[in-house]
Amino acid sequence: MANPPETTPALSLVIPAYHEAQRLPAYLPSVRSHLDRRYGSAYELIVVDDGGGDDLVARLEDAARDWTQLRWISHPENRGKGAAVRTGVLAAGGRLILFADADGAAPIEEEVRLADAIAAGADVAIGSRTLPSPDIQRERRVLRGCVGRLFAMLARRWLGLSVRDTQCGFKMFRAEVARRLFSTSREVGYLFDLEILVLAARLGYRVDEVPIHWHEVPGGNIHVARDMPRIARDLWNLRRRLGSRA
């Protein structure tokens, strides 16, 4: 693992990765270009390799030779996306903490929109693929989009959430808020976003949903037909665990 920065970064970017040796390296050049331009050296990128067993770390080692802001943490076995994000968030030292999916579906430049929302008073700013906006472009397969909207509707109804797009993998937090939420959360899998949002509501944090550009990237570890029955069951179990206040 590369050494952490010695000074406090303005931004920590956390990217969870599981079998992402092909997609993540393609995203990294745009990440570096944007963050160098916007933050200079005052940022860090933390990749959490969630026990993928591919050659991701070797590729990160290559990238880190002339990129001191890049470091990584490796789980010895696969623990789940929520666990990977938690590991990265709790290791982050930035004043703002953003987590982003490894596929680069949300262009890294969209972090400006989330940072602006936090500067305007939000504690948590989450990217949205569903909020309408005339200047936003999105590309998503019709079936996946329909299933995503159905899931979000169930999540809002069962958990009492007002957020329209709970699962967009592009969320930013004030550092102290992120540490409190992720220190409290227990969900290790795909539904960790929901627990984080429920906890944020219970703790009185302001959550702003921000429309962002987004384009679907082929690949990934979630398959609609195969995984939706399990995800629906897990959502019901999460509702039961969080209790009637959800």
Fill in the blank from the handout: the chain: longest segment with zero exposed GluC sites (Glu not before Pro), where exposed means DSSP loop plus at most 12 other C-beta atoms within 10 Å, is residues 78-246
Exercise for the section: Could you work out the equivalent-ellipsoid semi-axes for the range 1-88, taking the square root of 5 times each eigenvalue of the Cα gyration tensor, largest first, in whole Å? Expected result: 21, 14, 11
Practice task
Please determine, in degrees from 0 to 90 and to the nearest 10, the orientation of helix 224-242 with respect to the longest principal axis defined by the Cα atoms of the chain, where the helix direction is its Cα long axis.
Solution key: 80 degrees
Handout entry: Structure-based [θ]222 nm, the chain - -39500 (n - 2.57) summed over DSSP H runs of at least 4, per residue, nearest 500
Key = -13500 deg cm²/dmol
Problem - Inter-label distance for TRP67 and ILE136, nm, one decimal - labels placed 7 Å from Cα along Cα-to-Cβ - result: 2.7 nm
Problem - Farthest toward positive dipole pole in the chain [+1 Lys/Arg, -1 Asp/Glu at C-beta], among SER183, ILE108, LEU150 - result: LEU150
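Compute, for the range 34-140, the length of the dipole vector about the Cα centre, with Cβ point charges of +1 (Lys, Arg) and -1 (Asp, Glu) only. Units Debye, rounded to 20.
Roughly 320 debye for the range 34-140.
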Exercise for the section: Provide the gained length on full extension for the span ARG156 to ASN78, in nm with one decimal, where the gain is 0.36 nm per separating residue minus the Cα-Cα distance. Expected result: 25.2 nm
Handout entry: Principal-axis tilt of helix 81-91 within the chain, Cα atoms, nearest 10 degrees
Key = 50 degrees
Fill in the blank from the handout: Note: the chain at 20 °C, 1.002 mPa s; Kirkwood Rh on alpha carbon pairs; Stokes-Einstein D in µm²/s works out to 118 µm²/s
Problem - Pairwise label distance in nanometres, ASP36 with ALA120, each label 7 Å out on the Cα-Cβ vector - result: 3.1 nm
Exercise for the section: About the Cα centre of the chain, how large is the charge dipole given +1 on each Lys and Arg Cβ and -1 on each Asp and Glu Cβ? Please answer in debye to the nearest 20. Expected result: 1240 debye
Completion exercise
Rounded to 0.05, the calculated FRET efficiency for the beta carbons of ALA91 and ARG186 at R₀ = 25 Å is 0.85
Practice task
Counting other Cβ atoms within 10 Å, keep those with at most 10, restrict to DSSP loop, and tell me which trypsin sites (Lys or Arg not before Pro) in the range 1-109 are left.
Solution key: ARG65
Handout entry: Rg in Å to one decimal, and Dmax rounded to a whole Å, for the range 118-218 via C-alpha atoms
Key = 13.7, 38
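Taken together, the values in this text are just the output of simple stated rules run on the coordinates, not laboratory data. As the structure is a prediction and not an experimental result, all values here were calculated from the model. So basically every Cβ, Gly included, is an ideal-geometry build from the backbone, and we count neighbours across all protein chains shown.
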